[in-house]
Amino acid sequence: MNTSPSDTAPVRSGEELNLAALGNWLSGKIAGADRGITVEQFPSGHSNLTYLLRIGEREFVLRRGPLGPVAPKAHDMAREFRVLQAVHPYFSEAPEVFHLCEDPFVLGAVFFLMERRHGLVLRDEIPPQLASLPHYAQRVSEAFIDSMVKLHSIDVVNYGLLALGKPEGFLERQVLGWSERWDRAKTDQVPRMDRVIQWLRDRRPHSPPPTLVHNDYKLDNVMLRLDAIDRVEAVLDWEMATVGDPLADLGLTLCYWVWADAPQLRARGMHALTSQPGWYTRDQFLERYAQRTGRDLSGIGYYEVLGVFKLAVILQQIYYRFRCGQTQDARFQDFGERVRALVDLAESLTGKVR
């Protein structure tokens, strides 16, 4: 995972790395590791911990799971390493990986190292160097969509990538699996969520042919080239990537792109840069995607509900860790309210689907 230098910060208290143990493990793997490592942290993530390592003249990115207990199959760094290893040769936007450590005694968790790339990641505001460019919102919108189209166009059969997932029964497992995650992370009874889950079970559509699915494709997981904002330099955070229904990817992306600006979410501090003038609207987004893929998007409403549902579960898992004292990060203290707002949005969207 790679970002521009300004995206790093001193390591948060309690999230320090054992540099002596890390240097010992990397000795013989990376020249100079035994002579010292400097480390900073990428502070923007909500779950996995990501660090910038400087070893001699080289830079690397280290990713590991969050502190404390995690949900089963969540934050699987070994799997993310193998996904990137398989996808990088066919999708250059997936960063190259180098070393995987599956021994939790080194740093307390499985971790891996990958290349660092430099570029522009858009989070809470538009930086001045982008805002000064003509039609930047339209140009970034198109680059973002086209990168997703490229990902969904990779021939998973001929490139031997089917083994990254189980496309048969993908949607059924998505609803069941995320429902089980919700049950394990619940801190309160939420009858509206029960109704959303039942709706997703009852209305499940027939999936198109399978593709690579990133499963967290959003604006702040995409890095733009500094010298050409019309191009994506990297796509980040591959821990949930698989092979399955591409419209599930699209539905979740629309949740971040459009529905993150819904009134009930804005009231709780959630917003989307893409709600500002010049960015592609929902309809423009779908039209460009449909034109470039030839896929039928008439049933996209189901996938939008699924996307909002999944985001609610993701935030609930983080909030559960906060409530249980597994993380002290104050950013998570209001996530319970955000989850309830997302559940309200998901249920309201079910009434709009034909």
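R116: net charge of surrounding residues, Cβ under 13 Å, Lys/Arg +1, Asp/Glu -1, itself excluded?
Surrounding charge for R116 is -3.
Quick check for me: using +1 on Lys/Arg Cβ and -1 on Asp/Glu Cβ, what's the dipole size of region 292-331 about its Cα centre, in debye to the nearest 20?
About 120 debye.
Using the Cβ atoms and a cut-off under 14 Å, what net charge is assigned to the surroundings of E142, where Lys and Arg are +1 and Asp and Glu are -1?
That sum, taken over residues with Cβ under 14 Å, equals +3.
Enumerate the calculated ³J(HN,Hα) couplings along region 300-307 in order (Karplus 6.51 cos²θ - 1.76 cosθ + 1.60, θ = phi - 60°), each rounded to whole Hz, writing x wherever the residue is Gly or Pro.
Values, residue by residue: 5, x, 4, 6, 5, 4, 4, x Hz.
Which one of Y303, Y90, Y256 has the biggest mean-square fluctuation once the chain is modelled by GNM with Cα springs under 10 Å?
Per the Cα network of the chain with a 10 Å cutoff, Y90 tops the list.
Nearest 20 debye, what's the magnitude of the dipole of the chain about its Cα centre given +1 on Lys and Arg Cβ and -1 on Asp and Glu Cβ?
For this selection, approximately 580 debye.
If you fit an axis through the alpha-carbon atoms of helix 335-350 and take the longest principal axis of the Cα set of the chain, what angle between them do you get, 0 to 90°, nearest 10?
Rounded to the nearest ten degrees, it is 30.
Quick check: Cα centre of region 231-248 to Cα centre of region 102-174, how many Å?
The distance from the Cα centre of region 231-248 to that of region 102-174 comes to 5 Å.
Counting other C-beta atoms within 10 Å, and keeping those with at most 14, which DSSP coil GluC sites (Glu not before Pro) do you find in region 95-140?
The qualifying sites are E96, E102, E125.
Give me the percent relative contact order of the chain, please, defined on Cα pairs under 8 angstrom at least 6 residues apart.
Relative contact order here is 17 percent.
Using Cα springs under 10 Å in a Gaussian network model of the chain, which residue among A241, A312, A290 shows the largest mean-square fluctuation?
Among A241, A312, A290, the largest mean-square fluctuation in the Gaussian network model of the chain belongs to A290.
Work out from phi, with θ = phi - 60° and the Karplus expression 6.51 cos²θ - 1.76 cosθ + 1.60, the ³J(HN,Hα) of each residue of region 118-125, listed in order in whole Hz, and give x for Gly and Pro.
Rounded to whole hertz, the list is 10, x, 10, 10, 8, 10, 9, 8.
Quote the FRET efficiency, to the nearest 0.05, computed for F105 versus Q326 with a Förster distance R0 of 22 Å and r equal to the Cβ-Cβ distance.
The value I calculate is 0.65.
Roughly speaking, what is the centre-to-centre gap between region 81-95 and region 289-309 when only Cα atoms are used, to the nearest Å?
Region 81-95 and region 289-309 have Cα centres spaced 25 Å from each other.
Amide H of E233 versus every other amide H placed in the peptide plane: which residues, excluding those fewer than 5 positions away on the same chain, fall under 5 Å?
M223, L224, R225
To the nearest 10 degrees, how steeply does helix 191-202 sit against the main Cα axis of the chain, on a 0 to 90 scale?
In the chain, helix 191-202 runs at an angle near 80 degrees to the longest axis.
May I ask which residue of T274, L254, A346 lies farthest towards the positive end of the charge dipole of region 121-350, with charges of +1 (Lys, Arg) and -1 (Asp, Glu) on Cβ and the Cα centre as origin?
Sorting the options by dipole projection puts first A346.
Could you give the size of the charge dipole of region 5-115 about its Cα centre, using +1 on the Cβ of each K and R and -1 on the Cβ of each D and E, expressed in debye and rounded to the nearest 20?
180 debye
From the residues A163, L151, Y320, which one has its Cα farthest along the dipole of the chain in the positive direction, the dipole being from +1 and -1 charges on Cβ of Lys/Arg and Asp/Glu about the Cα centre?
Y320
How would you rank 147-155, 329-337, highest first, on the average number of other Cβ atoms within 10 Å across their residues?
147-155, 329-337
For R116, what residues show an amide H to amide H distance below 5 Å, using hydrogens built from the backbone and excluding near sequence neighbours?
Hits under the 5 Å cutoff: V61.
Every read-out reported here was derived from the displayed coordinates using simple, explicitly stated rules and does not represent laboratory data. Predicted model, so just to flag it, every value in this text is computed and none were measured. Glycine gets a Cβ as well: all are built from the backbone with ideal geometry, and neighbour counts include every protein chain shown.
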